[in-house]
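All remarks here apply to the structure that follows.
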Amino acid sequence: MSISADKAEMSGYNVLESAHLLRRYYYIERRLLHILVGWLPEVPQWEVKKAIGRHLWDEAEHADRLYQRLRELRGGNPKADADPRLVFLMAEALHAPGPAGLVAGLYLTIKRQLLDAYRRHMATSSYVVDAPTVDMLRQ
């Protein structure tokens, strides 16, 4: 194997960088779960309420997968403090002015950015080095 091929296989996030990003994702997924639970009784539209119920299941699954992966990684303490800016953003999402604002804030902004972050993480990670994280994010 040539030196450039070796370097290409080892590129991507190291374990600590990956763990840092996964902690952020876990915090966001966990807070999304709490926000949706808190808002569920306030949503008057039955179809939206049913969709939120389904999304609660999905958020719980995502958070659980991230938590399990973090426990496997060195430096992956899932209980570590979140970035204060992220804490502020998620607190603001909880206090949306109404169901329409909640849907817009969560689905058109936060979840879209989270999905983009997952895609960047998978594209940047080396599958050779961190296949479990890439597979988990792909799910």
Worksheet item: What do you reckon, is Leu21 of a type in the set (A, V, I, L, M) and closer than 23 Å to Val129 by Cβ?
Response: yes
Worksheet item: Residues in the stretch 1-39 that are among the basic types (Lys, Arg) and either at pLDDT below 85 or touching an Asp or Glu at 6+ places or on another chain (Cβ under 6 Å) (or both): how many?
Response: 1
Worksheet item: When you look at Lys50, is it in a helix (DSSP H, G or I) and either touching a helix residue (DSSP H, G or I) at 6+ places or on another chain (Cβ under 6 Å) or in contact (Cβ under 8 Å) with a residue 60 or more places away in the chain (or both), yes or no?
Response: no
Worksheet item: For residues in the stretch 40-53 being among the β-branched types (Val, Ile, Thr) and at pLDDT below 90, which is most open to solvent (accessible area, probe 1.4 Å)?
Response: Val48
Worksheet item: Restricting attention to the stretch 94-130, which residues are closer than 17 Å to Pro41 by Cα and in contact with a Leu (Cβ under 6 Å, 6 or more places away or on another chain)?
Response: Ala96
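Does Asp130 meet the test of being under 22 Å from Ser11 (Cα atoms) and among the acidic types (Asp, Glu)? Give the derivation first.
Details: under 22 Å from Ser11 (Cα atoms): yes; among the acidic types (Asp, Glu): yes.
Against the criterion (under 22 Å from Ser11 (Cα atoms) and among the acidic types (Asp, Glu)), Asp130 qualifies.
The values are calculated or read from the model by the stated rules, or taken from the named source; none is laboratory data. Just so we're clear, the structure is a prediction, and the values are computed from it rather than from any experiment. All Cβ positions, even for glycine, are placed from backbone atoms using ideal geometry, and neighbour counts span all protein chains on display. Just the protein is used for accessible areas: all its heavy atoms, side chains included, with ligands, DNA and RNA removed. Shrake-Rupley method; radii C 1.70, N 1.55, O 1.52, S 1.80 Å.
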